[in-house]
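Shown next, in structure tokens, is the structure this report addresses.
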Amino acid sequence: MNAINRLFSNGDLDETLRHKLGQIRNAVARWNEDSLLSLPETDVIDSVVEDFSIEVPVLDRGAITVDPVEEGYTTGSQFGETIQIRQTVVGFSVPYTGERSVFMLRPNMWTSVFPSATVTGTDLKIYWEGPGRDAAAIKQALNAKLNEIEKWLGWSSAQISAYNQQAVSLSKQEVQARRSTILANRNLEAEIGFPIRRRSDAATYALPVKRKTVDLRPRPEISTTTPFRPEPALADAHYEEAIRILLNSRNQLERSPSTTAHLGEEAIRDNLLLNLNGQLEGRAAGEVFNGRGKTDILIRVDDRHVFIGECKFWKGPKTITDTLDQLLGYLVWRDTKAALLLFIRSGTPSDIIPKALEKLREHPNFKREGAHAGEFGERYNFIFHANGDKSREIKLAFLPFNLLPS
């Protein structure tokens with residue numbers, strides 16, 4: 001029989017958690033600068049959180065196994081003499097998931113009577129010893145022991161839950177702060193104007209755009225060796241402004257279905273372009289929003305697309321898959337923005353929209369859902385990755401248009 005350990009008695013949980021929080025800043029500081037800038041901020045934060053979050057053990061009572069029953073002996077006394085008393089020994093293996101170390105650390109709430117068991121990386125080993133072979137009594141004793149251990153785990157869980165929340169907040173704070181510092185340093189290096197002896201940069205900067213006037217020209221190069229040339233991206237504020245205009249245009253079209261009853265994708269697209277260009281003006285690169293082919297609404301920088309809005313009529317779930325493949329084939333720059341405008345002219349929107357959302361989530365490039373926005377059918381946000389590169393994220397707004405005839 002393996003050595004039995006007294007649980008929750010080999011260190012203080014609160015002290016351990018405080019120490020781990022203190023390590024988060026050092027962990028972020030050790031990240032390679034180019035890697036920290038190149039990877040999506042959310043991915044970096046998620047990686048740090050994964051390293052420092054703690055999973056409270058959960059016992060799997062449904063998967064308990066029992067060892068072959070053994071015979072053991074204990075020392076007793078009879079008529080003043082020491083004797084060996086025969087015992088029945090039953091060993092149970094109780095699988096668990098979670099952090100093994102939690103079984104060793106004392107929570108803030110505790111009693112003087114510590115439960116005991118042998119802890120492995122996957123199981124708790126619990127033994128019952130006693131005279132007789134009453135199966136019901138043995139199972140009752142096992143359940144009582146497990147209940148006691150789970151009570152202690154519950155005490156630990158309250159502290160660990162609070163710690164995990166702090167770890168998420170602190171990881172986000174440290175990653176954002178260090179990224180800002182590195183970018184500020186890189187910008188300073190570029191502004192000084194001397195060649196920089198280091199690796200090329202892969203950071204992202206926001207295009208200098210503002211309401212009514214959009215300048216799509218990248219910042220002028222200061223150094224002839226261009227040591228720091230971040231990739232262009234559409235600023236979130238400008239992206240949201242474009243989406244807002246598209247949503248307002250959609251509302252106008254939905255209120256007057258007769259206007260679009262006989263229009264095709266290109267004609268509806270041109271209507272949207274008219275509203276976009278009427279409110280967001282561009283200079284240097286020509287119009288901000290241009291038509292490409294039949295359906296594209298796009299912003300171009302250095303002959304690259306940083307925003308594409310794709311317009312499609314619903315013709316079944318394959319419409320979503322094909323349109324996503326088309327969008328992802330265009331968008332290859334980091335932090336690019338996109339919109340999928342789905343025109344519904346037949347069927348029931350309340351049935352079609354969930355099918356479209358399901359196809360969006362099923363796409364192999366899907367990473368996660370973005371922040372929720374609006375009521376059902378208003379707007380849905382998603383994050384996808386570029387083809388062949390999971391570190392290049394694409395923000396996609398899905399905008400369904402209800403163009404059913406009245």
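The values are calculated or read from the model by the stated rules, or taken from the named source; none is laboratory data. What you see is a predicted model, and the numbers here were worked out from it, not measured in a lab. Backbone-built Cβ (ideal geometry, glycine too); neighbour counts: all protein chains shown.
Can you name the residue in the range 308-329 that is crowded, with 20+ Cβ neighbours inside 10 Å and over 16 Å from residue 362 (Cβ atoms) and, of all such residues, is modelled with the highest pLDDT?
Checked the range 308-329; the qualifying residue modelled with the highest pLDDT is 314.
I'm checking my understanding of the structure. Among residues of the range 258-270 that are crowded, with 16+ Cβ neighbours inside 10 Å and assigned to a helix (DSSP H, G or I), which one is modelled with the lowest pLDDT?
Only one residue tops the list, namely 260.
Report yes if some residue within the range 73-88 is loosely packed, with under 14 Cβ neighbours inside 10 Å, in the same structural domain as residue 147 (by TED's automatic domain parsing), of a type in the set (Ser, Thr, Tyr) and at pLDDT 90 or above; otherwise report no.
Looking through the range 73-88, none of the residues is loosely packed, with under 14 Cβ neighbours inside 10 Å, in the same structural domain as residue 147 (by TED's automatic domain parsing), of a type in the set (Ser, Thr, Tyr) and at pLDDT 90 or above.
Going by the conditions given, is residue 255 modelled with pLDDT under 80 and either surrounded by fewer than 12 Cβ atoms within 10 Å (Cβ to Cβ) or within 24 Å of residue 238 (Cα to Cα) (or both)?
In short, no.
Among the residues of the range 284-307 satisfying the criterion of being β-branched (Val, Ile, Thr) and under 17 Å from residue 401 (Cβ atoms), which is modelled with the highest pLDDT?
In this case the residue turns out to be 297.
Any idea how many residues of the range 10-20 are surrounded by 15 or more Cβ atoms within 10 Å (Cβ to Cβ) and either of a type in the set (A, V, I, L, M, F, W, C) or in a loop (DSSP other than H, G, I, E, B) (or both)?
2
Residue by residue through the range 113-142, note down the ones that are assigned to a loop (DSSP other than H, G, I, E, B), surrounded by fewer than 18 Cβ atoms within 10 Å (Cβ to Cβ) and not acidic (Asp, Glu).
Scanning the range 113-142 gives 113, 114, 120, 121, 122, 131, 132, 133.
Are any of the residues in the range 150-173 assigned by TED's automatic domain parsing to the domain that holds residue 70 and touching a strand residue (DSSP E or B) at 6+ places or on another chain (Cβ under 7 Å)?
Yes, the range 150-173 has at least one match.
So which of 103, 92 ends up being modelled with pLDDT of 95 or more, assigned by TED's automatic domain parsing to the domain that holds residue 151, surrounded by 18 or more Cβ atoms within 10 Å (Cβ to Cβ) and in a helix (DSSP H, G or I)?
103
Filter the range 35-59 down to residues that are surrounded by 13 or more Cβ atoms within 10 Å (Cβ to Cβ) and in a loop (DSSP other than H, G, I, E, B) and give me whichever is modelled with the lowest pLDDT.
In this case the residue turns out to be 39.
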